[in-house]
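**Q** Take a look at this one; I'll ask things after.
The values are calculated or read from the model by the stated rules, or taken from the named source; none is laboratory data. From a predicted model like this one, the values you see are computed outputs, not experimental measurements. Here Cβ is always computed from backbone atoms with ideal geometry, including for glycine, and neighbour counts include all displayed protein chains.
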Amino acid sequence: MKFVDEFRDPAAAKQLLAAIADLTAADPERAYRFMEICGGHTHTIYRHGLEHLLPPQVEFVHGPGCPVCVIPMGRVDDAVWLARRPGVVFTTFGDMMRVPGSAGSLLQAQAEGADVRFVYSPLDALKIARDQPEREVVFFAVGFETTAPSTAVTLARAAALGLTNFSVFCNHVLIEPPLRAILDSPQRRLDGFIGPGHVATVTGSDHFHFIPDEYGLPIVVTGFEPLDILQAVDMLLTQYRQGRCQVENQYARVVRPQGNPAALQLLAEVFTVRDSFEWRGLGWIPASGYRLSEAYADFDAERRFPLPGRRVADPPACECGAVLRGQLKPWQCQVFGSACTPEKPIGTCMVSPEGACAAYYNFGRMHRAAARAVALGGAARSGPVGTATRPA
Amino acid sequence: MVDRARPSESETLERIAAARARGPRLSDDTITLAHGAGGKASAALVESVFLAAFGRPDPAELADAARLTVDGGRLAFTTDSYVVQPIRFPGASIGQLAVNGTVNDLAVCGAQPRWLSAAFVIEEGLAVAELRRQAEDMAAAADRAGVAIVTGDTKVVPRGAADRLFITTAGIGWIPPGRQLGAAQVRAGDQVVLSGSIADHGLAVMMARGNLALAADIASDSAPLNQAVEALLAAVPQTRWMRDATRGGLGTVANELAQASGLSVILDEAAIPVKAAVRGACDLLGLDPLYVANEGCFMAVVPAAAAETARDALRQVGLTAAAVVGQMVADPPGVVAVRNAFGGTRLVDMMVGDPLPRIC
């Protein structure tokens, strides 16, 4: 994994941290709140303890880009209903299994006899459908533009094979509408964005020009290794230092300005944009989700099965919405860590490893002072990481 | 709603610490696979069902084996069931695992394993040739570990009532006089030694299931550890504590130590040996190697001055990846944290849920 190691190099990290410290030192009163849009970024930030390495003026605000977190409870109930249907093999990414619906999760449905199987790819679900033609195989599709192409490829293949026992429960969503909802909110206090690297692989970095052009904030499309995120912070601060406000592409090793035209073409064939889609915590947002196009109607679980389709309000205690909008830190939620824990989650943000609450609970739940003591402990002893220090 | 008075980060952290100090509580109505995964749900189940019914043997010592005194001599006694699927995978089989696992549970208590029992639950339809091969694997593993399989039992159940073959082994070992291993012996400043690279077993089993669009040359690390433990105890008799990092992986085992000792385990991420192929596969699958099961790897705590002696003793018996991977500290109390190569830190909690069911 040489390709990964390069992006976890301690010497390069120290250089970037020194540059960031330098950019913030000029005006200690000026604070910066940067929203990382992707749950993958949130995970990296806590997994590698980046928050505690940065100067206190730089604050990460966690964004809406966790695919599991944004699924409303009613859709989970529909999934559980499908999974409990006789003859159905319900396939899902592992993260979704523990998300609570109003009457239990897919994991509980599985324990009570439903045939729920976790897969790493929709193509695995397709394989089950081919191997077991007597069963109805349904794939629970979630995710932004990042994962929608793999669902589209799977559907195209299912159509080519003429499969009649395969369908998709489509919950794919688009990144731009929730960002606009957050940017339009009167409560927003943001200074820039760490842009979604994987989404941009498909949509292209040019897709995000609306953020500087219409809202006057900088965005850096960013990769998912710790050094990527540190470099993005450095690039955002440099834009401020130089008086620029632009879309920049830190993740140029993967992301092209125009994205992936073949993937975009396939998305346009397989999906159509819904009039409106419900987001957990953000409510109904117009033109924010995909459904299967008319050409693929036969594979649409929503048309194939009489889904209950009940809309269910979030539990009153749950504040995932405010967390997803970047208005609350996980630890500011009333039930965080007491009624809502990774083993007994109330809200989606506590379930997915990309959810801000789960990431903070699992990795970050440490006082800044204690974290620093642990980090500096390495400097006091000789050892493989004996030089670990924080730049002054 | 966002404007109302909010707790500070410190207040929330203290509230969580207080809640966690009360111990795991079982609030589920149904058993799920998570209850068997060796993480938090397992701990809650054992605590509120089994310990509630059978009584708690010794509060400080919920180890892998019970330590019993008979006529002044000390014995260790343990049992374990094996339900791994598939029953044969790169590096090992369910039979080999059933012997090595029980040998290791005895060894890390400081016992010299002597006698094993083996009970078989067989699903009708299993090929006799497969069962014979499993028995041969068990005999070879017992031979290598120097233990005798002295009693057993066989049950056959209808198709669907088991999945091919389940094996339960129990073992008895003898604890030489003078050995005092336990969390109570661990002191701040002690160092943590790991006997080998982690996460091989869990990934090998997962790959063998063949439902990943991923192939890599990864074999289970299943092996008897009793000779390595003896070598370590001979080189460093003042070794404080040992545990094999099976279900729930190194992260969960380190948490058990932190809870039992009240001290914190600080691990140096760059020092923890993980094979390149294993690390790559974990990254792709979104797994943390710290939580992936091992079957031939143990964690030991030794006085700081003896850390390198301990590591070298393990390397001399063929565990060439053995490494000093961390240390025990008093402040902060009772947690596990990882320090990475550029000074970042993160907490390592007990595993939640079950990323890889039926791994052993």
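**Q** Only one of (1) part of a loop (DSSP other than H, G, I, E, B); (2) surrounded by fewer than 18 Cβ atoms within 10 Å (Cβ to Cβ); (3) at pLDDT below 80; (4) facing chain B (nearest Cβ under 9 Å) fails for A:Ser382. Which number is that?
**A** (4)
**Q** Same structure again: Please indicate, with yes or no, whether at least one residue in the stretch B:69-81 is polar (S, T, N, Q), away from chain A (no Cβ under 14 Å) and more than 30 Å from B:Asp221 (Cα to Cα).
**A** yes
A quick yes/no check of all residues on (1) under 22 Å from A:Ser288 (Cα atoms); (2) out of contact with any helix residue (DSSP H, G or I) (no Cβ under 8 Å at 6 or more places or on another chain); (3) not in a helix (DSSP H, G or I):
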residue: A:Val89; (1), (2), (3): no, no, yes
residue: A:Leu107; (1), (2), (3): no, no, no
residue: A:Arg117; (1), (2), (3): no, no, yes
residue: A:Val137; (1), (2), (3): no, no, yes
residue: A:Ala141; (1), (2), (3): yes, no, yes
residue: A:Glu145; (1), (2), (3): yes, no, yes
residue: A:Leu163; (1), (2), (3): no, no, yes
residue: A:Arg189; (1), (2), (3): no, yes, yes
residue: A:Ile194; (1), (2), (3): yes, no, yes
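Listed here are the residues, each with its yes/no results for (1) assigned by TED's automatic domain parsing to the domain that holds A:Val99; (2) more than 21 Å from the chain's Cα centre (by Cα); (3) closer than 30 Å to A:Arg368 by Cα; (4) not β-branched (Val, Ile, Thr).
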{"residue": "A:Gln250", "(1), (2), (3), (4)": "no, no, yes, yes"}
{"residue": "A:Val255", "(1), (2), (3), (4)": "no, no, no, no"}
{"residue": "A:Gly259", "(1), (2), (3), (4)": "no, no, no, yes"}
{"residue": "A:Val270", "(1), (2), (3), (4)": "no, yes, no, no"}
{"residue": "A:Ala322", "(1), (2), (3), (4)": "no, no, yes, yes"}
{"residue": "A:Thr341", "(1), (2), (3), (4)": "no, no, yes, no"}
{"residue": "A:Ile346", "(1), (2), (3), (4)": "no, no, yes, no"}
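**Q** One residue is enough: does the stretch A:50-62 have a residue meeting the conditions more than 14 Å from every other protein chain (Cβ to nearest Cβ), closer than 25 Å to A:Gly283 by Cβ and at pLDDT below 95?
**A** Within the stretch A:50-62 (the criterion being more than 14 Å from every other protein chain (Cβ to nearest Cβ), closer than 25 Å to A:Gly283 by Cβ and at pLDDT below 95), the answer is yes, since at least one residue qualifies.
**Q** Having 3 or more residues that are out of contact with any Asp or Glu (no Cβ under 8 Å at 6 or more places or on another chain) and within 14 Å of another protein chain (Cβ to nearest Cβ) is the bar; report the strands (runs of 3 or more DSSP E) wholly within the stretch B:282-360 that clear it.
**A** B:345-347
For (1) assigned to a helix (DSSP H, G or I); (2) under 18 Å from A:Gly326 (Cα atoms), each residue gets a yes or a no:
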| site | (1), (2) |
| --- | --- |
| A:Ile45 | yes, yes |
| A:Val61 | no, yes |
| A:Pro64 | no, yes |
| A:Pro67 | no, yes |
| A:Ala79 | yes, no |
| A:Met97 | yes, no |
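**Q** What do you reckon, is A:Ala375 at pLDDT below 90, at the interface with another protein chain (Cβ under 9 Å from one of its Cβ atoms), closer than 30 Å to B:Ala18 by Cβ and touching a strand residue (DSSP E or B) at 6+ places or on another chain (Cβ under 9 Å)?
**A** yes
**Q** Further, regarding this structure: Among the residues that make up the stretch B:220-228, is at least one of them in contact with a strand residue (DSSP E or B) (Cβ under 7 Å, 6 or more places away or on another chain) and assigned to a helix (DSSP H, G or I)?
**A** yes
**Q** Could you check the stretch B:136-151 and list, in sequence order, the residues that are surrounded by 16 or more Cβ atoms within 10 Å (Cβ to Cβ) and either closer than 19 Å to B:Asp80 by Cα or in contact with a Cys (Cβ under 9 Å, 6 or more places away or on another chain) (or both)? Break it down stepwise before answering.
**A** Initially, the stretch B:136-151 is screened for residues surrounded by 16 or more Cβ atoms within 10 Å (Cβ to Cβ), giving B:137-138, B:141-142, B:144-145, B:147, B:149.
Hits for the stretch B:136-151 are B:Asp137, B:Met138, B:Ala141, B:Ala142, B:Ala145, B:Val147, B:Ile149.
**Q** Under the condition of being within 12 Å of another protein chain (Cβ to nearest Cβ) and outside any loop (DSSP other than H, G, I, E, B), which residue from the stretch A:119-135 is nearest to A:Pro72 (Cα to Cα)?
**A** In this case the residue turns out to be A:Pro122.
**Q** Considering only the stretch A:307-316, I want to know if a residue exists there that is crowded, with 17+ Cβ neighbours inside 10 Å and within 20 Å of the chain's Cα centre (by Cα).
**A** yes
**Q** Within the stretch B:219-248, track down each residue that is in contact with an Asp or Glu (Cβ under 8 Å, 6 or more places away or on another chain), among the small types (Gly, Ala, Ser) and closer than 22 Å to B:Gly36 by Cβ.
**A** Within the stretch B:219-248, B:Ser220, B:Ser222 qualify.
**Q** Under the condition of being of a type in the set (S, T, N, Q) and within 13 Å of chain A (Cβ to nearest Cβ), which residue from the stretch B:169-213 is surrounded by the fewest Cβ atoms within 10 Å (Cβ to Cβ)? Before the answer, list the steps.
**A** So the first thing to find is which residues in the stretch B:169-213 are of a type in the set (S, T, N, Q), and the list is B:169, B:180, B:185, B:191, B:195, B:197, B:211.
Checking the rest, the ones that are also within 13 Å of chain A (Cβ to nearest Cβ) come to B:191, B:211.
Working: B:Gln191: 23, B:Asn211: 15.
Here the answer is B:Asn211.
**Q** Moving to a separate point now. Give the residues of the stretch B:4-37 that are more than 8 Å from every other protein chain (Cβ to nearest Cβ), touching a residue at least 12 places away in the same chain (Cβ under 8 Å) and either farther than 21 Å from A:Glu112 by Cα or assigned to a helix (DSSP H, G or I) (or both), sorted by residue number.
**A** The answer is B:Gly23, B:Pro24, B:Arg25, B:Gly36.
**Q** Working carefully through the options A:Leu179, A:Leu155, A:Leu174, find the one that is touching a residue at least 60 places away in the same chain (Cβ under 8 Å), over 21 Å from A:Arg241 (Cα atoms) and in contact with a Ser or Thr (Cβ under 6 Å, 6 or more places away or on another chain).
**A** A:Leu174
**Q** Of the residues B:Ala216, B:Ala223, B:Ala234, B:Ala228, only one is within 14 Å of chain A (Cβ to nearest Cβ) and among the small types (Gly, Ala, Ser); which?
**A** B:Ala216
**Q** Looking only at the stretch A:210-249, which residues are among the small types (Gly, Ala, Ser) and out of contact with any helix residue (DSSP H, G or I) (no Cβ under 6 Å at 6 or more places or on another chain)?
**A** A:Gly216, A:Ala232, A:Gly243
**Q** Turning to a different aspect of this structure: Those residues that are over 15 Å from A:Ala111 (Cβ atoms) and either assigned by TED's automatic domain parsing to the domain that holds B:Gly202 or in contact with a Gly (Cβ under 7 Å, 6 or more places away or on another chain) (or both), I need them from the stretch B:22-41; list them, please.
**A** Scanning the stretch B:22-41 gives B:Gly38, B:Gly39.
**Q** For the stretch A:13-43, give me the residue count where each residue is closer than 16 Å to A:Met235 by Cβ, assigned to a helix (DSSP H, G or I) and touching an Asp or Glu at 6+ places or on another chain (Cβ under 8 Å).
**A** Summing the residues that are closer than 16 Å to A:Met235 by Cβ, assigned to a helix (DSSP H, G or I) and touching an Asp or Glu at 6+ places or on another chain (Cβ under 8 Å) in the stretch A:13-43 gives 4.
**Q** Here's another thing I want to ask about it. Which residue out of A:Ala156, A:Ala181, A:Ala160 is surrounded by fewer than 24 Cβ atoms within 10 Å (Cβ to Cβ), over 21 Å from A:Val233 (Cα atoms) and modelled with pLDDT under 95?
**A** A:Ala181
**Q** While we're looking at this one, here's another question. Is it the case that some residue within the stretch B:305-326 is over 28 Å from B:Ile218 (Cβ atoms), touching a residue at least 40 places away in the same chain (Cβ under 8 Å) and not hydroxyl-bearing (Ser, Thr, Tyr)?
**A** Looking for residues that are over 28 Å from B:Ile218 (Cβ atoms), touching a residue at least 40 places away in the same chain (Cβ under 8 Å) and not hydroxyl-bearing (Ser, Thr, Tyr), one finds at least one in the stretch B:305-326, hence yes.
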